[in-house]
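*Asks:* The structure's right below; bear with me while I get my questions together.
The values are calculated or read from the model by the stated rules, or taken from the named source; none is laboratory data. Just so it is clear, the model here is predicted, and its values are computed rather than measured. Cβ coordinates were reconstructed from backbone atoms using ideal geometry, including for glycine residues, and neighbour counts include every protein chain displayed.
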Amino acid sequence: MKIIIVGAGELGKYLASVLSHDKHDIVVVDRSDELLNRLKEHLDIMTVPGNGANIECLKKAGIKDTDILIAVSGDESANVLACQLASHMNIQNTVCRLDSVNFFSEEDNLNAKALNLHNIVIPAEECARKIFHVLSNKIVMEKILFSNQNAVMTAFEALPSSPITGARIKDISNTELMDTVRFAAILRDRKHITPHGDTIIVPGDKVYVAGRKSEVESVIKWNSPENSSISKVTIAGATRVGRNLTAKLYEAGYEVRIIEKDFAKGARLLDELKAGIMVINGDATDREVMIEAGVDSTDAFVSALDDDEDNILCAIMAKEMGARKVVTVTNKAEYANIIPAINMIDSGFSSSLVAVNTVLRQIQVKTETVSIEAILNRINACIFEFKVNKGSIVCNKRIDEIKFPLSTTLALVFRDNKVISATGALRFEEGDIATTVTSSDNVKALEPLFAKKGLLNL
Amino acid sequence: MNIRAVAHVISALVIIIGFFILSCVPVSWLMKDSMNVIVMLAINAIIPIVAGTISFYMTKARRGERYKFGVREGFGIVTFGWIAAAAFGCLPFIFISNFQWHDAFFETMSGFTTTGSSVIDNNLILMGGKMLTNGLDDIPRGLIYWRSLTHWLGGMGIVVLSLAILPFLKIGGQQLYNAEVPGFSSDQLTPRIANSAKILWGVYVLLTAAEAFLLWFGGMSLFDSLCTSYGTLATGGFSTLQSSIGGYDSVYFDSIITIFMFLAGCNFVLHFRALRGKPLFYFKDEEFVFYLLLTIIATVTITISLLGTSIETTDGRIVEGTVFNSIRYAAFQVASIFTTTGFCTANFDLWPTFSTFLLVCLMFIGGCGGSTGGGMKNSRVLLLLKYSTSQVKRCLFPHSISNIRLNKERMGAQTLHKVLSFFFLFIMLFVIFSLLTATLCNTDIVTAATASVACLGNIGPGLSKVGATCTYSWMTPSAKMLLTLAMLLGRLELYTVLVLILPSFWRK
């Protein structure tokens, strides 16, 4: 498929790399020659310097035979315009990056459809939601949702006091609960471990548990130490992510404090939210300011500054001062991989990576069989959903009869909107959706198992 | 540089070379070469295929490993790929016609780099001290076909060809493409390099077929018309006759070849656009207009200078300098030298000094970017011209922002610097190669200088002892090796080869 990406920022860069490795034809449009040249050095793509919200420039990028346009530049109005121009040129699938949902107004009937936008991605909002999910409990590190509303996959840290710690997975005491959920992956010392029945969970492991929402909740609750609930949150930076998160937390009844260097920005946040939150005016990397904001006694500290490096330092400082849980936001996708190496930071999210996941899901560029659900933040692995086709190799077979590639875990099976735990005795039926955690290299080995047997893959 | 990864790709390239040598076997059979020659040709085809296959499997990525092709690997693949191609491509010359290895390597490198400098003449000393008394007529047809085919393969680029037909190599990025395709502006046709390469090769095949048909239609034998077309479209210069195109003495052939040489010197992207129904694009391209103007000016002035003189053709006849004859020989020779093809119909060495000198000047400029021609390329010269003008202007307006545009796009300082240094490197290498050639062969300045520019610019014939009716066979082996290096440098546009000299290229 031919895809035009407008904007070669962090998000555009990452999308171009993921999509071009998936054998799509990519054209990247950006104003900066330098960014484009850097991108071109290691990717087999075409680049067009210019304004993506300009018809001449889009024509130069070959809009006429393009299938999808993804506008992810830093300027939301330019993105909207680029998508509208694309729609005008009869492109059926567009993705538009916006700063916040406030762009639309329900009372004026102004929504995505009215503006001729097909898909919307709001990285700040998505990232805020991701962070919001992990602020429910101290031990939760990441939460991933699936195409099936009832299913969830949650990563949590196994503490020395947790009942699952020290036991082999098949020997874990609470068998009733364990039968309903699946251990999808374990992250130990930054390495991805594929869990088996004999795997012993040691303290410090990050365990990914998948299953129905209620059951996963109970597993978390069962493993949480006392007073692990969170009520006081301090956020550094009234950035897009910071503002979005503040609104969410405030609505959910958390006690929120914000540290913002820029007085005007802080005041604007208060004007926007019209709510009883405290904004401290000061530099979040300043110790005195942190103390004034009460970081030493806060339940969770989120650093959402614009500068990635400041965020990391700020989070480490907060943890040292006594914040019980620290979460950091980074822009660069590369940083998402190194944050787990910093023991003091409990959770890190990259707004680009989160947004890439959303965009990939929206455009559904994968074949009929596969759709990518998420690229795991902390492990070099992806979650893929495979549809079981009629006549495929796995159809009507028991799971334990099927040979899967190494380091692939079958987590869940969705059947008629029901979530089933993928145990060995389960037999695949046509139309089932199987969720797997695997490295992206393994997809090619997995795909033929689920695909229809055709001439090409005999 | 990951040597295994580079060797892996080059192995694939060697296999392809083997198959192309194999394709000469049926030609050899049809042209009634002796059975001995046909069998030897087949054996020489099998050697690269087998050697390539073995090393392809030996250098396969180990389990769990995945080759990453970075900038270093890109340059390594292209430069060593060309050397490997010439090394395996020269085998038939050694085994079939008993060439000495340095002559065979010179001839093959000259073929792949589309230079067209030949060592084949009546005085070439073969292995064992014998002489090739009848020149090209002593060479089996199958081998002559291979010689012309090397031109054709090298013209559009052998590495780009393998990218187009071997998608499993999965080399991302554009280093390979940029390292091999001439010119500095990448006028990309499609998002994927492999597809762009396929399109350009398609245009190339189409133009070759068109010329071969027109020549065959005009009465040339099918074998000669194919070989000549390969030499023309690649801007090579190997002919099937010892006296080059002049040996046919046909106005029709001369004009067809003149036109196709001119076309081969244009940017192939423009041909593609024209074939898609946009012929006016030619005149929107500044480089093309510059190239066309220079061709016209050179043709007209040389025609005028030839009027009334007697012109000696390459097969030794003397014709009068009538208006018609002057235009015919001037146009052919300008197109041939300017596009760096190197076919000859007249011995331009004997022309008035103005004409000879102008032709030597044209050698430096060469074809357009994105063509199969060599030299410095018209776009670079045009840009240098604009840059120099702007520097003069700068004396009056010292604070103006530089506004040097090519095809309406403003050129950044980075591009300008690269073009400027290219110019310097080209001239510097020309001087160094001239000096070394003169020393190694103990010859005169004109011979050494023109031999050096003819090889560096991938033209072929020079002046004096390497002139239109002479060859390079008399040179010492060391000078021949030096000039093969010049050809490679010129074909890969200096940087790709020069980067290998840097110690930091080899160190991690």
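*Asks:* Need at least 3 residues that are loosely packed, with under 15 Cβ neighbours inside 10 Å and modelled with pLDDT of 90 or more per element, so show me which helices (runs of 4 or more DSSP H) inside segment B:254-328 make the cut, counting only ones lying wholly within it.
*Replies:* B:286-306
*Asks:* So, in segment A:405-433, of the ones that are of a type outside the set (Gly, Ala, Ser) and in contact with a Leu (Cβ under 7 Å, 6 or more places away or on another chain), which residue ends up surrounded by the most Cβ atoms within 10 Å (Cβ to Cβ)?
*Replies:* Ranking the candidates gives A:Val413 first.
*Asks:* Let me ask something else about it. Among the residues of segment B:53-99, count how many are within 17 Å of B:Ser162 (Cα to Cα), assigned to a helix (DSSP H, G or I) and within 14 Å of another protein chain (Cβ to nearest Cβ).
*Replies:* 3
*Asks:* While we're looking at this one, here's another question. Count, please, the residues in segment A:147-175 that happen to be farther than 28 Å from A:Ile433 by Cα, in contact (Cβ under 8 Å) with a residue 12 or more places away in the chain and not charged (D, E, K, R).
*Replies:* 10
*Asks:* Give me the pairs, please: first residue somewhere in segment B:475-487 and within 15 Å of B:Gly237 (Cβ to Cβ), second residue anywhere and among the hydrophobic types (A, V, I, L, M, F, W, C) and buried (at least 24 other Cβ atoms within 10 Å of the Cβ), beta-carbon distance under 6 Å, and either six or more positions apart or on two chains.
*Replies:* That search, which allows pairs on different chains as well, returns B:Leu483/B:Cys455; B:Met487/B:Met109; B:Met487/B:Cys455.
*Asks:* Right, here's the next one. May I ask you to list the residues in segment A:17-38 that are farther than 21 Å from B:Val160 by Cα, within 26 Å of the chain's Cα centre (by Cα) and either surrounded by fewer than 16 Cβ atoms within 10 Å (Cβ to Cβ) or not β-branched (Val, Ile, Thr) (or both)?
*Replies:* Matches in segment A:17-38: A:Ser17, A:Leu19, A:Asp22, A:Asp30, A:Leu35, A:Leu36, A:Arg38.
To keep it simple, each residue is scored yes or no on (1) modelled with pLDDT of 90 or more; (2) within 14 Å of chain B (Cβ to nearest Cβ); (3) in contact with a strand residue (DSSP E or B) (Cβ under 9 Å, 6 or more places away or on another chain); (4) exposed (fewer than 14 other Cβ atoms within 10 Å of the Cβ).
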site	(1), (2), (3), (4)
A:Gly62	no, yes, yes, no
A:Val72	yes, no, yes, no
A:Glu76	no, no, yes, no
A:Asn79	yes, no, yes, no
A:Cys96	yes, no, yes, no
A:Ser100	no, no, no, no
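*Asks:* Output the residues belonging to segment B:407-428 that are in contact with a Leu (Cβ under 8 Å, 6 or more places away or on another chain) and away from chain A (no Cβ under 14 Å).
*Replies:* B:Val419, B:Leu420, B:Phe422, B:Phe423, B:Leu425, B:Phe426
*Asks:* Also, quick follow-up: Does A:Glu334 meet the test of being modelled with pLDDT under 80 and of a type in the set (Asp, Glu)?
*Replies:* Here the answer is yes, as A:Glu334 does meet what is asked.
*Asks:* List every residue pair whose Cβ atoms sit under 7 Å apart, with the two residues 6 or more apart in sequence or on different chains, where the first one lies in segment B:188-217 and is within 14 Å of chain A (Cβ to nearest Cβ) and the second, anywhere, is basic (Lys, Arg).
*Replies:* B:Pro191/A:Lys2
*Asks:* Also, quick follow-up: Taking the stated definitions as given, is A:Ile280 in a loop (DSSP other than H, G, I, E, B) and either among the charged types (D, E, K, R) or not assigned by TED's automatic domain parsing to the domain that holds A:Leu11 (or both)?
*Replies:* In short, no.
*Asks:* Take the conditions farther than 25 Å from A:Val419 by Cα and assigned to a loop (DSSP other than H, G, I, E, B) and apply them to A:Ala238. Does it pass?
*Replies:* yes
*Asks:* Determine which member of the set B:Phe397, B:Phe354, B:Phe332 is more than 22 Å from B:Leu489 (Cα to Cα), among the aromatic types (Phe, Trp, Tyr) and either part of a loop (DSSP other than H, G, I, E, B) or at pLDDT below 90 (or both).
*Replies:* B:Phe397
*Asks:* Within segment B:54-74, can one find any residue that is modelled with pLDDT of 90 or more, under 23 Å from B:Leu22 (Cα atoms) and touching a helix residue (DSSP H, G or I) at 6+ places or on another chain (Cβ under 6 Å)?
*Replies:* Taking every residue of segment B:54-74 in turn, at least one turns out to be modelled with pLDDT of 90 or more, under 23 Å from B:Leu22 (Cα atoms) and touching a helix residue (DSSP H, G or I) at 6+ places or on another chain (Cβ under 6 Å).
*Asks:* Right, here's the next one. Any idea how many residues of segment A:42-55 are within 12 Å of chain B (Cβ to nearest Cβ) and either touching a His at 6+ places or on another chain (Cβ under 9 Å) or charged (D, E, K, R) (or both)?
*Replies:* Here the count works out to 2.
*Asks:* Restricting segment A:343-377 to residues that are at pLDDT 80 or above and farther than 21 Å from A:Gly74 by Cα, which is surrounded by the fewest Cβ atoms within 10 Å (Cβ to Cβ)?
*Replies:* The residue in question is A:Met344.
*Asks:* Now a separate question. Is it true that B:Ile94 is surrounded by fewer than 24 Cβ atoms within 10 Å (Cβ to Cβ), modelled with pLDDT under 95 and touching a strand residue (DSSP E or B) at 6+ places or on another chain (Cβ under 7 Å)?
*Replies:* No: the conditions fail for B:Ile94.
*Asks:* To continue, here is another question. Mind telling me which of the residues B:Ala438, B:Ala451 ends up being over 21 Å from the mean Cα position of the chain (by Cα), hydrophobic (A, V, I, L, M, F, W, C), surrounded by 19 or more Cβ atoms within 10 Å (Cβ to Cβ) and part of a helix (DSSP H, G or I)?
*Replies:* B:Ala438
*Asks:* What tally of residues in segment A:15-41 results from selecting those that are hydroxyl-bearing (Ser, Thr, Tyr) and away from every other protein chain (no Cβ under 11 Å)?
*Replies:* 1
Yes or no, residue by residue, for (1) assigned to a helix (DSSP H, G or I); (2) at pLDDT 85 or above; (3) more than 14 Å from chain A (Cβ to nearest Cβ); (4) touching a Gly at 6+ places or on another chain (Cβ under 8 Å):
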site: B:Ile120; (1), (2), (3), (4): no, yes, yes, yes
site: B:Ile144; (1), (2), (3), (4): yes, yes, yes, no
site: B:Thr150; (1), (2), (3), (4): yes, yes, yes, yes
site: B:Leu153; (1), (2), (3), (4): yes, yes, yes, no
